[in-house]
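Structure record follows, encoded as structure tokens.
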Amino acid sequence: MLGFSLQKIIVLGLLIAAVWYGFKYIGRLQRVDRGERKKGERTMGERVRKAARERSGVTDAEIIEDTEKCPRCGTFIPVGSECSCKRR
Ligand SMILES: [Zn+2]
């Protein structure tokens, strides 16, 4: 007998993989934080949001709100919202 079972080797392998991917993920988060993101690289949160948008069939272009010019001050504001100049 070798003293350790196949099961233990598998668990050990999974642990090493988890630590390895954990470090890679943390490294990526730190790069994104510093603005050193690689081309096309996304954080986990950004990937989840992108996947959610793709599932709902909404593209980035459709999310951008329409704006209209405020008749009083000329600032562009989202359609249907009130410009802050009216509250002054
Ligand atoms: Zn205004």
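Observations, loosely collected:
- Residues satisfying the stated conditions in region 25-52, i.e. open to solvent by 70 Å² or more (accessible area, probe 1.4 Å) and in a helix (DSSP H, G or I): 26, 30, 33, 44, 47, 48, 49
- Residue pairs meeting the criteria (Cβ under 7 Å; at least 6 apart or on separate chains; first touching a residue at least 40 places away in the same chain (Cβ under 8 Å), in region 69-81; second surrounded by fewer than 12 Cβ atoms within 10 Å (Cβ to Cβ)): none
Here is a yes/no grid of residues against (1) in contact with a Lys or Arg (Cβ under 6 Å, 6 or more places away or on another chain); (2) within 16 Å of the ligand (Cβ to nearest atom); (3) at pLDDT 75 or above; (4) not acidic (Asp, Glu):
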position: 43; (1), (2), (3), (4): no, no, no, yes
position: 47; (1), (2), (3), (4): no, no, yes, yes
position: 50; (1), (2), (3), (4): no, no, yes, yes
position: 58; (1), (2), (3), (4): no, no, no, yes
position: 75; (1), (2), (3), (4): no, yes, yes, yes
position: 79; (1), (2), (3), (4): no, yes, yes, yes
position: 85; (1), (2), (3), (4): yes, yes, yes, yes
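The values are calculated or read from the model by the stated rules, or taken from the named source; none is laboratory data. Predicted model, so just to flag it, every value in this text is computed and none were measured. We place every Cβ from the backbone using ideal geometry, glycine too, and count neighbours over all the protein chains shown. Ligands, DNA and RNA are excluded from the accessible area calculation, which covers all protein heavy atoms including side chains. Shrake-Rupley method; radii C 1.70, N 1.55, O 1.52, S 1.80 Å.
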